[in-house]
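Taking it in order: structure first as structure tokens, then the write-up.
Derivation of every value follows stated rules applied to the coordinates shown; laboratory data play no part. All values derive from a computational prediction rather than experimental measurement. Neighbour counts run over all protein chains shown; Cβ positions are idealised from the backbone, glycine included.
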Amino acid sequence: MLDMGITPGLSQREDTFERKQLSLHDKSPFGAKPYICLNKASNHFGKPVVEEIEITYCNKTKLLIGTFKCSCGFHYSRRETDDTYKIRRIKQFGEIWVERCKYLINDRKYSYRAAARELNVDTNTIIKYSNIRFQVGKLNFHSDVDKTISKMETNKKSWLKLIAENPNISVPS
Ligand SMILES: [Zn+2]
């Protein structure tokens, strides 16, 4: 059974959420790992190499969001109802992707549009990243929400139970 006790120093919400996570051991609604990497700049595009997933709940759509974090630095998210190859949002491009983007524009002299097609993003993203000076840490995307439910796998039933019991939990997509 879940221990609903409150640890001094933590807010009730944080404490409850953390304790509930520890009780969830079931498999992910996104299937078993490894998940496919959708980094067009990597040599393992489309291959099942992603070992880390974070699952959040979108209050607006009432759907679970999976964020897939590949060791190549590319992090993307999709909803539980999305096709496996759908990218809902790229949360972090990573160094390999950024270097490829810069290489296509600066060395290969691709047009922004051609590079956008090659890397499967919009031209504004290409313009932004082809001009960026990569600094380790600067491009990382980390939100507090992501951290709270890192490296967890569970099934939807457990999640719906968690959410039903914690109506005030709100996790943005
Ligand atoms: Zn990857």
Q. Considering amide H positions built from the backbone, and no H for Pro or chain starts, which residues 5 or more places from residue 92, or on another chain, come under 5 Å of its amide H?
A. 75
(Q) Going by amide H atoms built from the backbone, whose H comes under 5 Å of the H on residue 110, apart from near neighbours? (A) 105
Q) Each residue of region 91-107 in turn: what ³J(HN,Hα) in whole Hz from Karplus with 6.51, -1.76, 1.60 and θ = phi - 60°, glycine and Pro shown as x? A) 8, 7, 7, x, 5, 4, 5, 5, 5, 5, 4, 5, 5, 4, 7, 7, 9
(Q) How far apart, in nanometres, would the label points at residue 99 and residue 71 be if each is projected 7 angstrom from Cα along the Cα-to-Cβ direction? (A) 1.6
**Q.** Length released on extending from residue 111 to residue 47, taking residue separation times 0.36 nm less the Cα-Cα span
**A.** 20.3 nm
